[in-house]
Amino acid sequence: MIVTTTPYIEGKKASQYLGIVTGEAIMGANIFKDIFASITDVIGGRAAAYEKELSRAQKIAMEEMEERAQQMGADAIVGVDLDYETLKQGSTVMVTESGTAVKVSS
């Protein structure tokens, strides 16, 4: 499956637009990660635990979006947008991805 943020795929033509597809993931960060992140924020540096959770959530959302596109018969997803939101005072992160499922031809 070709997935791109651009509205088209170079060298290919969208022969059929199948509709919008989305993927979502909501991940909670546990108390130990919260404490570690707070310490990291105070002394500087990167919050590796949060980065790992964000990466995991993005992967889940992408896989869900691709699965939905495949169920529609798509070869590709164009115009993909990726968004991150924090919920519950920062203890939960939500990742959403959306794009347009298409069939492509050369």
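The values are calculated or read from the model by the stated rules, or taken from the named source; none is laboratory data. Everything quoted here is computed from the prediction, not taken from an experiment. Here the Cβ positions follow ideal geometry from the backbone for every residue, glycine too, while neighbour counts run over all protein chains shown.
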Taking only segment 67-102 into account, find how many residues are touching a helix residue (DSSP H, G or I) at 6+ places or on another chain (Cβ under 9 Å) and assigned to a helix (DSSP H, G or I). 0
Which one of the conditions (1) surrounded by fewer than 18 Cβ atoms within 10 Å (Cβ to Cβ); (2) modelled with pLDDT of 95 or more does residue 35 fail to meet, given that it meets all the rest? (2)
Top-ranked residue in segment 86-103 [being surrounded by fewer than 18 Cβ atoms within 10 Å (Cβ to Cβ) and of a type outside the set (Ser, Thr, Tyr); ranked as nearest to the chain's Cα centre (by Cα)]: 94
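For (1) surrounded by 15 or more Cβ atoms within 10 Å (Cβ to Cβ); (2) at pLDDT 85 or above, each residue gets a yes or a no:
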{"site": "8", "(1), (2)": "no, yes"}
{"site": "25", "(1), (2)": "yes, yes"}
{"site": "31", "(1), (2)": "no, no"}
{"site": "43", "(1), (2)": "no, no"}
{"site": "48", "(1), (2)": "no, no"}
{"site": "60", "(1), (2)": "yes, yes"}
{"site": "71", "(1), (2)": "no, yes"}
{"site": "84", "(1), (2)": "no, yes"}
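I'd like the residue in segment 54-68 that is hydrophobic (A, V, I, L, M, F, W, C) and in contact with a Ser or Thr (Cβ under 9 Å, 6 or more places away or on another chain) and, out of all such residues, is nearest to residue 1 (Cα to Cα). Even if it seems obvious, please write down each step before you answer.
Our first condition is that a residue be hydrophobic (A, V, I, L, M, F, W, C); within segment 54-68, this holds for 54, 57, 60-62, 65.
After this cut, where a residue has to be in contact with a Ser or Thr (Cβ under 9 Å, 6 or more places away or on another chain) as well, the list is 61, 65.
Working: 61: 15, 65: 11 Å.
Looking at residues that are hydrophobic (A, V, I, L, M, F, W, C) and in contact with a Ser or Thr (Cβ under 9 Å, 6 or more places away or on another chain), I get 65.
Taking the condition of being closer than 14 Å to residue 73 by Cβ and hydrophobic (A, V, I, L, M, F, W, C), how many residues in segment 3-30 meet it? Full working, then the answer.
Taking segment 3-30 as the starting set, the residues that turn out to be closer than 14 Å to residue 73 by Cβ are 14-19, 21.
Okay, now just the ones that are also hydrophobic (A, V, I, L, M, F, W, C), so 14, 18, 21.
Counting residues in segment 3-30 that are closer than 14 Å to residue 73 by Cβ and hydrophobic (A, V, I, L, M, F, W, C) gives 3.
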